[in-house]
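Okay, structure first, notes after.
Just so it is clear, none of the values below were taken in a lab; they were calculated from the coordinates. Bear in mind the structure is a predicted one, so any value in this text is a computation, not a measurement. Cβ sites come from the backbone with ideal geometry, for glycine too, and all protein chains shown count toward neighbours.
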Amino acid sequence: MKCSKFNEQIILYLYGELSEKENSELESHLRKCSKCSKDLEYTKKIFRLLKDAEIEETPEANWEKCWKGINVCISKIPTRSKNYFFFPRWALVSATVILVLFLGIFIGRFWISSGHESFHQETASREFIQQTLKEHFEELKPILVEYSNDSLQEKSSTSIMMDKKTAQNLIIQNILLKRIISETDPTAAQLLEDVDMVLREIANQKSEDKERPALIKEAIDKRDILFKMEILRKI
Amino acid sequence: MDERSIIQSAQAGNDEAFRQLFEENKNGIFSLAFRYTKNAEDAEDIVQETFIKAYNSLQKFHTQDQTRFSSWLYRISINSSIDHLRKHKKMKEKHSISQDVQNIASNNENLNPVYINRLIEVREKIDLILNQLSFKQRMIFTLRHYQHFSTQEIAEYMNCSQGSVKKQLFRAVSAIKKDFKSFFSEKNYEMQ
């Protein structure tokens, strides 16, 4: 076999990149070929030399300066291009299903149905929306109560991160419901508008902004969000 | 919090989560960039470029995929390193070779001055040879020889075939072998 094939393999052999079969082929060739054996020895010496001359330690970087540079650039990115409202794939799928369902109900209500059938469908649709709205309020309640609580302690960054995630997940649901009920139930739509604003405040808060939770509490209390939610939930 | 949750949080716009990803991956990226450029300032610039690019493309990273976040970052940093070196064709200010050697000498008092001088010359020669390689060859050699990645991993990072990586690696090492042969005959060195 030609030596040129083994020249490449000698390097891969030293890096441990050859298969067992290739290893034994090369070793058998090396036993017979003094030129390739010499080449192997020379390559080994070069590798040793590279190792001896290797810079032993990577210097310490100025990490503070480095992060500052990154932070300056990423903070210039306009807020709207940031995806504040990240939705996991499952959320998008369920939101799409809900949307299609509602669209179906409304198309049926306006274009297909008539007479008694239309009346029954309209009633069923209204009941379904009411039920979904109540469930949405149930999901909103814990996080809003927590922020509205008078004895609100300083929150840890982990707890803030979890709140942000919860708020982000609730925003899409809130937007969908708001759109659906905007014509039929303006009172509930206005409440969802207020909730939307509060959820966005929670989702976009930063842990170093210590005054933000108090502002969120003020927004919840000032708009009587929890009280209105309770009333609508009972109707 | 596991890495996946941190990434999802960063994708949702949480800059603190992104900072956490920076803290966890900065050393690996810096080490590669430093080995590649041999210059700490250039390496810091590459770390910055890598994380800014990563931030801009964060939505393209899918946590459901099998790709590890560090591998994804490596891919970005390899491209950033090659681009960086291409832009600054001649390295601005080389990492102080003699300072490195002095550090070695102070850690090993038994080393004789002749050996230290030889080390300085060898280091300078290595830098010279690496500068003559193509940007891609130099990167492949750095990843394989200094960062100890397999040719398969390098092929994935550099988006090329394993065969092509092996070819480039062979060319890089052959160039080093050839240049050292003439260097040793010029300097009349005995290879140990």
Virtual paramagnetic centre 7 Å along Cα→Cβ of A:ALA214, amide N under 19 Å, in the range A:154-171: A:154-157, A:160
Can you compute the modelled spin-label distance between A:ASP52 and A:SER182, with each label point 7 Å from Cα toward Cβ, in nm? 7.7 nm
20 Å Cα-Cα reach of A:LYS32 towards aspartates and glutamates, excluding residues that sit fewer than 8 places from it in its own chain: A:GLU8, A:GLU20, A:GLU22, A:GLU41
Beyond 31 Å (Cα-Cα) in this structure, taken from A:LYS217/B:LYS53; B:LYS136/B:LYS178; A:LYS164/B:LYS53; A:LYS65/A:LYS164; A:LYS76/A:LYS141; A:LYS164/B:LYS136, we find A:LYS217/B:LYS53; A:LYS76/A:LYS141; A:LYS164/B:LYS136
Could you sort out which of A:LYS2/B:LYS167; A:LYS2/A:LYS38; A:LYS38/B:LYS167; A:LYS2/B:LYS125 sit more than 23 Å apart by Cα distance in this structure? A:LYS2/B:LYS125
Cα-projected label distance for B:HIS148 with B:GLU3, points at 7 Å along beta-carbon direction, nm: 1.8 nm
A:ILE107 versus A:ALA95, label points 7 Å from Cα toward the beta carbon: distance in nm? 2.1 nm
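Roughly speaking, what % of Cα-Cα pairs in the range B:3-87 are separated by over 14 Å, rounded to a whole number? Numbers along the way, then the final one.
Details: 2134 of 3570 pairs.
It works out to 60 percent of all Cα pairs.
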³J(HN,Hα), Karplus 6.51/-1.76/1.60, whole Hz, each residue of the range B:72-77, x for Gly, Pro: 4, 5, 4, 4, 5, 5
